[in-house]
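A.B. asks: Below is a structure I'd like to ask you about.
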Amino acid sequence: MVCINTTNRPLIRLFGPKKEVTGNAYRIHLPGSLEDWLTHRGLPPQKVAISHEIPEGRGLVATRRVRKHEKLLNVPAQLLLTADVALQHSAYGGLLESCGVPAWSVLATFLAETRRQPEGDKNVWGQYVDALPSQTGCVLEWASEEVDLLRGTAAMRAADEIIAACSASVAELAPILRESASMPGGPLTEQDLRWGFSMLLSRLIRLPGKQDLEACVYVSYGQKSDTQLLLSYGFMPAPLSNPHSACNLRLSLQRDDPCFDAKRALLEEAGHSACMEFPLRLDSLPQKLINYAAFLCTEAPDRRVVSQIDQTGVVDGSARKGAINLITKECKVALTAIPATLAADQEALNNIMAQLAGKDILNVTSLQRRADILKVRINERKILNKNLFTLRQAPPLSQEGLSIGKLKSRGSPPAATPSPVKVVWNRVLRQLSSLPLAIGELAVIALFSAIGTVIEQNRSLAYYMKNYPDGPDKVIGFVDWQLIKALQWDHIYSANYFLALMALLAASLAACTSTRQWPMVRVARRWRFAQTPERVYAMAKEGTAAALPNADVRLMGQALQQSGYQVFLRDGSLYAFKGLAGKLGPIGVHAAMLLVMAGVTYGCLAGLKGTAMVPEGGDFIFSQALSPRSALARQPRGAAAMLHVNSFDVKYREDGSVDQFVSDLSVFDGQGREQLRKSISVNDPLRYQGITAYQTDYSMAALTVRAPGSPLQPADGSAFNLPMASLDGKPGVKGKLWATFVPMEPPPADLRSTKPRGVSIVARDFQTVALYKMDGTFAGIRRPGSQKPIEVDGMTIIVDDIVGSTGLELKVDPGVPYVYAGFAGLMITTLVSYLSHSQIWALQEGSLLHVGGRSNRATVTFALELDDLMNSIPEQRPSVEAQRTIAEN
């Protein structure tokens, strides 16, 4: 037997001690060489050790801190006592094989045989068998009068089955008993075999097969009722501490049923029998029980009904009503069969508990067993009465069967029928809040955003015609400028369908918030006290739950407050929570996303945009360059101001590459007063009363030269400006290139017939210019401002400067503040949403404290935290009054 408790109460018990009652104390027989024997047999170093200093007498205690779900004990295969191992080491191995007895009987015989062997002649398992207790407390060791106390209960049927199975197995082993008469240890007796079967009843672990010997074996009693634990292991859990507590109800196909044979055949065909038992619990009726009862009540055999026994749905019509009547009848029969009354059993239990609280008791084991049997009878009565009450109040059955505690009053008025508009509205909200729909919307928006990232936005038609030509040179075979214009891919983020997608996503977020997130917050804010232990375990669900003996709910509340929980106490019931902000986080995320999308949409519909190429010394009025994006756009306050370009400069790195473009700008009001001056560059724009000017491009406006001999040269010999034209996109030109022409004579009257004579000057950047003769041959290079003359075709030219033009992009986007605020909120609420919302319930039942908790995130961390909290609660010494309170409950 392996028993684990996760609190600081006795941690682990592996082998129960041999006990003999002497007065009111137990004398414990401990084999000192058991640990040596285990080590010799190959048990590796463990995280636990055998201790004799625990209240149970002997058990395993952790040698270091043990975490939940941690592997605790490593047992090698050679320490597994299986039927094959028993046959190999038993003196009756051959006889057992010839008799063909089951593995259960083989193991029981081997344990009894080893126990009877004299000291010094024992087999290799002798020291382990000597460590086993002489009694386990299981039903096989009970006196007949103790078994008779179960008469009339469902537990009696289980006890009879165990006793009958043991008797049948002993009868099968009669040849072994006769053969043992000549053995050195003396003959085996039926009592020896019964001892062996009692050891198996409390210690046998069933493995799926030899191929799974390396698999993990979990230390747990499993989903066993109080009755099963008492009959197999000899103990009863604390009152209401076992969520699997149940009372089996037996239903049988009656032989006086006119269709008995046909119904039995259908049941056997479906894998069922004509007599079945179903576990009744305090919280619900099994759906399988209802379906089985419905089949038994059918007037004629119905294959469809029998096929639904194992399903979650139930049959309808008269069979459903008959099922309720049949279950009600059998519950009443089961109640009538239990002897005495509930009050009499309760009084007898109180008397026994008072005796157990005394100091001088000689028959502790017998008294405790009688108390446990009375608890079984009381528990079965409570379960049957609760289910009878449920059946009397039962509404029409749903597909989930009957749920106790959720029954409506018979006199409650019917719910009002919702209006058609509300029905349609709720249906629309459900569709909009669909997660697959939201994922699809995001996927489509992401696809269009990718297209907008690849295709340059808000460029001129000439740009798209040049870079996305039609004909055989289409990009990736089908993308040309006509397709881009038709699908609005040149301004995809303000396209009608893109804005419609944004609106649809916003509607989905709003619907999800209103139908899912906000109701969850409203539920989380309620103070939900558990009134029964079953409710504590039900609300914990898959979280952590435990029953702490001798613990005080007030001390639990103090510990929770110190850990940052909000704690509420009412009539011995506790509710605590922390991390409510984690529930509000998803709502904040949705709100922030809605704010971002609202800002983007508002900027697209109410914004203005424009571009300007302004030479040094030039200026323009903002309103002349701004064009509205829609009819909703309005000019900002600063639209009447004038922007003046004081200078434009290009900064170069040491290797000659461009480092930065810098424009010195001034803003003047209508009276010519300078309101703002700033040098802007890429990623450092100018902002003025809602208008933002970005540095995006540049150009060459003019070339300042002196050219004596040219008809354009002023008489005073001063420099003059030649306008420069862009050759970008011309045949044979790659990249940016500008050019101008210095005439050597006045232009001819007929330009078509006479080619003008002069010098051509071209430039790719602001650092150098190249000069070409009239015949197109290269003449030389000069750096602007070097004052170094160059003679070309008899004309001397001095390049003084290149006048640049700054390319500005103007934007008026009233949605930017909302977008920034939305992203700031999104970052904050995303972090907040990762906070765990943890809830803990506790209920005081006498000196027993039921604790359960759950968390929506970091469940492992929460389980460890709750374990530490429970371990920190000091254990209170129970009083006689507290024990009586437990018994009364």
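The values are calculated or read from the model by the stated rules, or taken from the named source; none is laboratory data. This one's a predicted model, so the numbers in the text were calculated from it and none came from an experiment. Cβ atoms come from the backbone with ideal geometry, glycine included; neighbour counts cover every protein chain shown.
A.B. asks: Where in the range 244-317 are there helices (runs of 4 or more DSSP H), lying wholly inside it, with at least 3 residues that are closer than 22 Å to Thr153 by Cβ? Can you show your working first?
C.D. replies: Values: elements: 260-269, 287-297, 303-307.
So the answer is 287-297.
A.B. asks: Just to be sure, is Phe766 in a strand (DSSP E or B), in the same structural domain as Ser710 (by TED's automatic domain parsing) and either of a type in the set (Ser, Thr, Tyr) or over 60 Å from the mean Cα position of the chain (by Cα) (or both)? Even if it seems obvious, please write down each step before you answer.
C.D. replies: Working: in a strand (DSSP E or B): no; in the same structural domain as Ser710 (by TED's automatic domain parsing): yes; either of a type in the set (Ser, Thr, Tyr) or over 60 Å from the mean Cα position of the chain (by Cα) (or both): yes.
In short, no.
A.B. asks: Taking Lys678, is it under 53 Å from the mean Cα position of the chain (by Cα), of a type in the set (D, E, K, R) and crowded, with 18+ Cβ neighbours inside 10 Å? Working first, answer last.
C.D. replies: Numbers: under 53 Å from the mean Cα position of the chain (by Cα): yes; of a type in the set (D, E, K, R): yes; crowded, with 18+ Cβ neighbours inside 10 Å: no.
No: the conditions fail for Lys678.
A.B. asks: Can you tell me which residue is surrounded by the fewest Cβ atoms within 10 Å (Cβ to Cβ) among those in the range 805-862 that are part of a strand (DSSP E or B) and among the polar types (S, T, N, Q)? Quick ask: steps written out before the conclusion?
C.D. replies: At the first step, the residues of the range 805-862 found to be part of a strand (DSSP E or B) are 805-812, 838-845, 848-855.
The next check asks that each one be among the polar types (S, T, N, Q); those that pass are 805-806, 838-839, 844, 855.
Numbers: Ser805: 21, Thr806: 27, Ser838: 27, Gln839: 22, Gln844: 19, Ser855: 23.
Ranking the candidates gives Gln844 first.
A.B. asks: Go through Val106, Val101 for me and flag whichever is in a loop (DSSP other than H, G, I, E, B) and touching a helix residue (DSSP H, G or I) at 6+ places or on another chain (Cβ under 6 Å).
C.D. replies: Numbers: Val106 fails: in a loop (DSSP other than H, G, I, E, B).
Exactly one residue qualifies, and that residue is Val101.
A.B. asks: Pick from the range 86-98 the residues that are assigned to a helix (DSSP H, G or I) and in contact (Cβ under 8 Å) with a residue 40 or more places away in the chain: which of them is farthest from Arg203 (Cα to Cα)? I'd like the intermediate steps shown before the answer.
C.D. replies: Residues of the range 86-98 assigned to a helix (DSSP H, G or I): 86-89, 93-98.
Right, trim to in contact (Cβ under 8 Å) with a residue 40 or more places away in the chain and you get 95-96.
On the way: Leu95: 25, Leu96: 22 Å.
Restricting to residues being assigned to a helix (DSSP H, G or I) and in contact (Cβ under 8 Å) with a residue 40 or more places away in the chain, the top hit is Leu95.
A.B. asks: Identify all residues within the range 258-314 that are small (Gly, Ala, Ser) and either in the same structural domain as Tyr537 (by TED's automatic domain parsing) or surrounded by fewer than 21 Cβ atoms within 10 Å (Cβ to Cβ) (or both); write none if there are none. Working first, answer last.
C.D. replies: First, the residues of the range 258-314 that are small (Gly, Ala, Ser): 262, 265, 270-271, 273-274, 284, 293-294, 300, 307, 313.
Ala262, Ala265, Ala270, Gly271, Ser273, Ala274, Ser284, Ala300, Ser307, Gly313, listed by residue number.
A.B. asks: Right, here's the next one. Identify the residue in the range 163-181 that is over 20 Å from Glu119 (Cβ atoms) and among the hydroxyl-bearing types (Ser, Thr, Tyr) and, among all such residues, is surrounded by the fewest Cβ atoms within 10 Å (Cβ to Cβ).
C.D. replies: Going residue by residue through the range 163-181, those that are over 20 Å from Glu119 (Cβ atoms) are 163-179, 181.
Now drop any that are not among the hydroxyl-bearing types (Ser, Thr, Tyr), which leaves 167, 169.
Working: Ser167: 14, Ser169: 20.
Result: Ser167.
A.B. asks: Taking the range 772-807, which residues are on the phi < 0 side of the Ramachandran plot and among the acidic types (Asp, Glu)? Break it down into steps so the answer makes sense when it comes.
C.D. replies: If we filter the range 772-807 for residues that are on the phi < 0 side of the Ramachandran plot, which is where we start, we get 772-775, 777-779, 781-784, 786, 788-792, 795-807.
Once the filter is applied, which keeps residues that are on the phi < 0 side of the Ramachandran plot and among the acidic types (Asp, Glu), the range 772-807 yields Asp775, Glu791, Asp800, Asp801.
Matching residues to (1) assigned by TED's automatic domain parsing to the domain that holds Val376; (2) out of contact with any Asp or Glu (no Cβ under 6 Å at 6 or more places or on another chain); (3) crowded, with 20+ Cβ neighbours inside 10 Å:
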{"site": "Glu97", "(1), (2), (3)": "no, yes, no"}
{"site": "Pro102", "(1), (2), (3)": "no, yes, no"}
{"site": "Val129", "(1), (2), (3)": "no, yes, yes"}
{"site": "Gln135", "(1), (2), (3)": "no, no, no"}
{"site": "Val147", "(1), (2), (3)": "no, yes, no"}
{"site": "Leu150", "(1), (2), (3)": "no, yes, yes"}
{"site": "Thr153", "(1), (2), (3)": "no, no, yes"}
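A.B. asks: Count, please, the residues in the range 728-761 that happen to be within 29 Å of Tyr464 (Cβ to Cβ) and surrounded by fewer than 16 Cβ atoms within 10 Å (Cβ to Cβ).
C.D. replies: Matching residues across the range 728-761 total 9.
A.B. asks: Further question: Within the range 138-184, which residues are farther than 29 Å from Gly100 by Cα and part of a loop (DSSP other than H, G, I, E, B)?
C.D. replies: Listed by number, the residues that qualify are Trp142, Ala143, Leu149, Leu150, Arg151, Gly152, Thr153.
A.B. asks: Provide a single number: the residues in the range 689-715 that are more than 29 Å from Ser726 (Cβ to Cβ) and assigned to a strand (DSSP E or B). Full working, then the answer.
C.D. replies: Quick first cut of the range 689-715, residues more than 29 Å from Ser726 (Cβ to Cβ) only: 689-690, 715.
Narrowing further to those that are assigned to a strand (DSSP E or B): none.
Going through the range 689-715 one residue at a time, the tally reaches 0.
A.B. asks: Any residue in the range 664-671 that is assigned by TED's automatic domain parsing to the domain that holds Ala701, surrounded by 18 or more Cβ atoms within 10 Å (Cβ to Cβ) and not in a strand (DSSP E or B)? Step through it out loud before you land on a result.
C.D. replies: First, pick out the residues of the range 664-671 that are assigned by TED's automatic domain parsing to the domain that holds Ala701: 664-671.
In the following step, the residues that additionally are surrounded by 18 or more Cβ atoms within 10 Å (Cβ to Cβ) were identified as 665, 667.
Adding the requirement that they be not in a strand (DSSP E or B) leaves none.
No - not one qualifying residue is present in the range 664-671.
A.B. asks: With respect to Ser514, determine if the residue is at pLDDT below 85, among the hydroxyl-bearing types (Ser, Thr, Tyr) and within 17 Å of Ser433 (Cβ to Cβ).
C.D. replies: Yes: the conditions hold for Ser514.
A.B. asks: Let me ask another. For the range 785-804, how many residues meet the condition of being touching a strand residue (DSSP E or B) at 6+ places or on another chain (Cβ under 7 Å), in contact (Cβ under 8 Å) with a residue 40 or more places away in the chain and either within 30 Å of Leu643 (Cα to Cα) or not in a strand (DSSP E or B) (or both)? Break it down stepwise before answering.
C.D. replies: The initial filter retains those residues of the range 785-804 that are touching a strand residue (DSSP E or B) at 6+ places or on another chain (Cβ under 7 Å), namely 785, 787-790, 792-793, 795, 797-804.
With the extra rule that they be in contact (Cβ under 8 Å) with a residue 40 or more places away in the chain, the set shrinks to 793, 795, 797-804.
Next, only the ones that are either within 30 Å of Leu643 (Cα to Cα) or not in a strand (DSSP E or B) (or both) stay: 793, 799-804.
The total comes to 7.
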